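This report concerns only the one structure given below.
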Amino acid sequence: MSNQSPENPSNQPQEGANQPASNYPSNQPYGQAPQQNSPYGQYPDQGGYGYQAPVQEKKGLAITALVLGIVALVLGVIPGIGFLSFILGPLAIIFGIIALVKKQKKGLSITGIVLGALGVIAAIVITAIIAIFFTQAVGEHTVQYKVTSEGPAAVMYFDGVQPVEEQIDGDWDEEVSFTGLPFGAVTVTSENGTVTCEIIMDGESVATKSGSGQVECASGDEFVQ
């Protein structure tokens, strides 16, 4: 019986039979995949994922300048504590300038500088108004008390420091001088007839009253004029 195959009638060995595959060269290191040429070319080395986190702009000094400027402006318009703006305002300006030099948030830096300057200006204006007010109000004052009475009476008056009480038999007057607010007060108590009290502040009559029993005169009008 013939061993010829229909596909190989001559019974010749087929080309490439019992030969190592040419696609896998024998000198390829073990465990390393063979290099293949891609028809689409090779991608350049990406160096990892190639992602870089965005650099955040520093703004700490700018925010500090803004906060100090706001506080300086608010305190600058409040009497009594406005003097704090003379400290916080310049600090806001200094921090704002440093922030601009370091190229931090420009808008915040400029706003802090402006608010700091406004805080100082507001403190100066309020302080000047208060100083003028107290200069006019507080000072050396002369108060003259006058009392007319038809009989004995008790008189109590303010001498610029404390109340003073005296007993009188008829008409009475007293002059006191003190440094402070322009305030005067006198109270007359009598059981006989009509009594009258008058207060003359720095040469000007500022309060007068008449009645029976107990009469009170007080003046602080110059304090608000």
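The values are calculated or read from the model by the stated rules, or taken from the named source; none is laboratory data. Note that the coordinates shown come from a computational prediction; the quantities given were computed from them, not determined experimentally. Note that we place each Cβ from the backbone using ideal geometry, even for glycine, and neighbour counts take in every protein chain shown. Keep in mind that these areas ignore ligands, DNA and RNA; they rest on the heavy atoms of the full protein, side chains included. Shrake-Rupley method; radii C 1.70, N 1.55, O 1.52, S 1.80 Å.
Taking segment 180-205 as the range and being among the small types (Gly, Ala, Ser) and in contact (Cβ under 8 Å) with a residue 60 or more places away in the chain as the test, only Gly203 passes.
Condition check for Glu140 on (1) closer than 21 Å to Gly203 by Cα; (2) surrounded by 14 or more Cβ atoms within 10 Å (Cβ to Cβ): one failure, at (2). Can we say Ser177 is touching a strand residue (DSSP E or B) at 6+ places or on another chain (Cβ under 7 Å), over 30 Å from Gly76 (Cβ atoms), in contact (Cβ under 8 Å) with a residue 24 or more places away in the chain and surrounded by 13 or more Cβ atoms within 10 Å (Cβ to Cβ)? Considered against the rule, which asks whether it is touching a strand residue (DSSP E or B) at 6+ places or on another chain (Cβ under 7 Å), over 30 Å from Gly76 (Cβ atoms), in contact (Cβ under 8 Å) with a residue 24 or more places away in the chain and surrounded by 13 or more Cβ atoms within 10 Å (Cβ to Cβ), Ser177 comes out as no.
In segment 63-108, the qualifying residues are those that are surrounded by fewer than 16 Cβ atoms within 10 Å (Cβ to Cβ) and of a type in the set (D, E, K, R), and the one that is nearest to the chain's Cα centre (by Cα) is Lys106.
Of everything in segment 180-205 that is of a type in the set (A, V, I, L, M, F, W, C) and within 13 Å of His141 (Cα to Cα), the residue that is surrounded by the most Cβ atoms within 10 Å (Cβ to Cβ) is Ile199. Among the hydrophobic types (A, V, I, L, M, F, W, C) and open to solvent by 50 Å² or more (accessible area, probe 1.4 Å): does that describe Val161? Yes, satisfied. The condition (being at pLDDT below 90 and small (Gly, Ala, Ser)) is satisfied by just one residue among Ala128, Ala185, Ala123, Ala154: Ala128. Within segment 146-170, residues that are in contact (Cβ under 8 Å) with a residue 40 or more places away in the chain sit with their Cβ atoms under 7 Å from residues that are aromatic (Phe, Trp, Tyr), at 6+ positions apart or across chains, in these pairs: Val147/Trp172.
Would you check if Ile168 is out of contact with any Leu (no Cβ under 8 Å at 6 or more places or on another chain) and either closer than 29 Å to Phe133 by Cβ or open to solvent by 40 Å² or more (accessible area, probe 1.4 Å) (or both)? No, not satisfied. Evaluated against (1) modelled with pLDDT of 50 or more; (2) out of contact with any Lys or Arg (no Cβ under 6 Å at 6 or more places or on another chain); (3) of a type outside the set (A, V, I, L, M, F, W, C), Tyr51 falls short on exactly one condition, (1). Criterion applied to Ile126, Ile132 was being touching a residue at least 24 places away in the same chain (Cβ under 8 Å), out of contact with any Leu (no Cβ under 9 Å at 6 or more places or on another chain) and in a helix (DSSP H, G or I), and the one residue passing it is Ile126.
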